[in-house]
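See below for the structure under consideration.
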Amino acid sequence: MNEDRYDKIDELMEAFQQFSKINWQKNNPSMLKPSEIRVLVTIRLGTEKSGKPVLTISDISKMHKVTSPTITQMVNSLLAQGYVVRTSDAQDKRVSGIALTDKGVRLADAAVARIRDTFKGMIDYLGGERSRALIELLNGVYHYFEEINGQLED
């Protein structure tokens, strides 16, 4: 009887696989990669939340849970396209901060608005109770994967 709970493994795997096929950013008016837009949004929301005018590469990499060189590549691309600027720390010249330009703020704000509208639509579609249940389930799934990933690294 205990094995009945595993009869949905294939359906669960298929449900997760469907998300890899969805293009969440298909209404992206810029020529930026989705990962670059996520970095702009991270800088925008991160500076608002922290009250700091800039974020460091290290700050951004921690938020994205990727290495600093990965973020550096994206920031260099955003820098070349005029979406961000690099600033120097007055006390420690080795530390540089990343801030959005006006162009970067406009694109990040537009991206945040599109994302929020998408999730508002999903909440309308699912309803409040199912949305709360989904949030709880997704947080549980995230914590499960964090837990098994921690075990695999040991």
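Numbers below:
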quantity: Average accessible surface area per residue within the chain, 1.4 Å rolling probe, Å²; calculated: 76 Å²
quantity: Normalised contact order of the chain, rounded percent, pairs of Cα under 8 Å and 6 or more residues apart; calculated: 18 percent
quantity: Apportionment of accessible area to carbon and sulfur, segment 31-154, percent (1.4 Å); calculated: 57 percent
quantity: Phi to ³J(HN,Hα) by Karplus 6.51 cos²θ - 1.76 cosθ + 1.60 over segment 114-128, Hz, x for Gly, Pro; calculated: 5, 5, 4, 4, 4, 6, 4, x, 5, 5, 4, 5, 7, x, x
quantity: LYS49, LYS120, reordered so the largest accessible area comes first (probe 1.4 Å); calculated: LYS49, LYS120
quantity: Separation of the GLN18 and ALA133 label points, Cα + 7 Å toward Cβ, nm; calculated: 1.5 nm
quantity: Over segment 43-91, equivalent-ellipsoid semi-axes from the Cα gyration tensor in Å; calculated: 16, 14, 11
quantity: Probe 1.4 Å - accessible area at ARG114, Å² to nearest ten; calculated: 80 Å²
quantity: Cα-centred dipole magnitude for the chain, charges only on beta-carbon of K, R (+1) and D, E (-1), debye, nearest 20; calculated: 1040 debye
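The values are calculated or read from the model by the stated rules, or taken from the named source; none is laboratory data. Worth saying up front: this structure is predicted, and the values here are computed from it rather than measured. Don't worry about glycine lacking a Cβ; one is built from the backbone with ideal geometry, like all the others, and counts go over all protein chains shown. All accessible areas refer to the heavy atoms of the entire protein, side chains included, with ligands and DNA or RNA removed. Shrake-Rupley method; radii C 1.70, N 1.55, O 1.52, S 1.80 Å.
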